[in-house]
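One structure below.
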Amino acid sequence: MSDIETPALGADDRTQLDEDDRLKPAFVSDVLDRVEEGDTEGARRLVEPLHPADIADLFELTPADRRAALAHAVADLLDGDVFAEMNDWVRDALLDALTPSQVAGIASELDTDDAVAIIEDLDADDRRDVLRAMEPDDRAAIEEALSYPEESAGRLMQRELIAVPEHWTVGHVLDYLRGHDELTTDFWEIYVVGPSHRPVGYCQLSWILRTPRGIALADVMQREQTLIPVDMDQEEVALRFQKYALISAAVVDGGGRLVGMITVDDVVHIIQEEAGQDALLLSGAGGEGDINEPVFDSYKARARWLVANLFTALVASSIIAYFEDSIARMALLAALMPIVAGVGGNAGTQTLAVTVRALATNQLTASNTARAVGRELRVAFLNGATIALVIGVGVTLVFGNPRLGAVIAAAMMTNIVIAGLAGVLVPLTLERAGADPAVASSVFVTMVTDSMGFLVFLGLATASGIAG
């Protein structure tokens, strides 16, 4: 990192950095124009007051072919905090332009969890070179974290925490905190450990500050605590934080020893990431769905589900072809059958979204599956009856054909009930089979609602003789 003297902000720059103007198109254009004109000092004056998260956003808003020039202009502002907040695709591209020693320097500035997030995405060779360039202690911590499964508590936790022995008094803790400058400064809870470094309780920092020095920790600490196993999946970690309203939680290894902690700011990122992934997977857009993702990667993620949809659509088309004689005798069927399939598809999607969310948040488990299925079935019957009545009366009045109105009402009722069952049973089946219910559920539910919608409507129309 180069050392650049920080210039004073000019009046025009203070105007640009007005809170409402930060990262607006005019501001971004002004920064990039100054970089292009060679006015790196001016660009730096604009960027320097920004929060690290805003600097990260600035790079994401910058076209890919201009990011390298911007990075060169504000190189001394690109510290670890900025890279920790940056979009994965943008960060990886910038890191590729740095030497292993530079990446190691950035990672060393961060807490272990943020450093791991940067290093774990590197290629194997680059990762090895970066680790070699790090200090032994930092390298050991990163390598230990990388030994845990991806998306586990071991990858997520930070090792910088405050742990003190059970026999200390509050005064001992205060003297320890004040006498060691190397201790982490970002903590809300102090963990109390026994002789084998197993957590026996914790004290909130506010309790320590308000308790007389002579009081023993054992008398003020909270012994009941939520401990996170080091191999726990990050989704389960997030659920525990939500359920128990945690600010931080201790992470323990297989032997019950304290090895790290997870804080709520990391959990917020997990919740956002997992919710976004589920929404993208339900739509078949892949698990990333990032506007900074390379075009070919987006293509591969989406194309396979479009191909799958193509084959499921062929199933529905074959059903239509089977009833071509009925459609030829009564062309009105061709105009009405998409309504049955479309409304059924929407009903299935509604149930699917509720079910996938319930599975993701552990609201739906083996103990209440039957009740959940029964509930969705009742909802489907009520929705089906309502929509069937509306469409049946409407078709009868518009086309003057009560038999056709009765047929489409019966088909609509049947398809909405089938859609409700499919919307809950398909993700449950996939989840029981060990697959992610958000990945393929929508494809199967759409196939069921389209196929059954056409089959029931055209089948009833043919059987009733209205197309004869």
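The values are calculated or read from the model by the stated rules, or taken from the named source; none is laboratory data. The shown structure was predicted, so the numbers you read here are calculated from the model rather than taken from an experiment. Methodologically, a virtual Cβ is constructed for each residue, glycine included, from the backbone with ideal geometry; neighbour enumeration extends over all protein chains shown.
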Can you tell me which of Arg139, Arg159, Arg67, Arg178 is modelled with pLDDT of 85 or more, among the charged types (D, E, K, R), over 14 Å from Gly260 (Cα atoms) and out of contact with any Leu (no Cβ under 8 Å at 6 or more places or on another chain)? Arg178
Considering the stretch 170-198, residues that are touching a Pro at 6+ places or on another chain (Cβ under 9 Å) and assigned to a strand (DSSP E or B), and then whichever is surrounded by the most Cβ atoms within 10 Å (Cβ to Cβ), we arrive at Val192
Here the residues within the stretch 248-273 that are more than 16 Å from the chain's Cα centre (by Cα) and of a type outside the set (Gly, Ala, Ser) are Val251, Val252, Asp253, Arg257, Leu258, Val259, Met261, Ile262, Thr263
Quick check: is even one residue across the stretch 231-247 assigned to a strand (DSSP E or B) and over 14 Å from the mean Cα position of the chain (by Cα)? no
Tell me which residues, restricted to the stretch 178-227, are within 21 Å of Asp253 (Cα to Cα) and small (Gly, Ala, Ser). Gly194, Ser196, Gly201
Collect the residues in the stretch 128-143 that are surrounded by 15 or more Cβ atoms within 10 Å (Cβ to Cβ) and touching a residue at least 12 places away in the same chain (Cβ under 8 Å), keeping them in residue-number order. Asp129, Val130, Leu131, Ala133, Met134, Asp138, Ala141, Ile142
Filter result for Ile271 (in contact with a helix residue (DSSP H, G or I) (Cβ under 9 Å, 6 or more places away or on another chain), assigned to a helix (DSSP H, G or I) and modelled with pLDDT of 85 or more): no
If I ask for residues that are under 19 Å from Thr112 (Cβ atoms), touching a Phe, Trp or Tyr at 6+ places or on another chain (Cβ under 8 Å) and crowded, with 16+ Cβ neighbours inside 10 Å, which ones from the stretch 218-247 would you list? Val230
Which residues, taken from the stretch 248-265, are in a helix (DSSP H, G or I) and surrounded by 13 or more Cβ atoms within 10 Å (Cβ to Cβ)? Val264
Would a scan of the stretch 111-122 turn up a residue that is surrounded by 21 or more Cβ atoms within 10 Å (Cβ to Cβ), touching a Pro at 6+ places or on another chain (Cβ under 7 Å) and within 30 Å of Ser147 (Cα to Cα)? no
Taking the options Asp290, Asp231, Asp297, name whichever one is at pLDDT 90 or above, closer than 23 Å to Asp436 by Cα and of a type in the set (D, E, K, R). Asp231
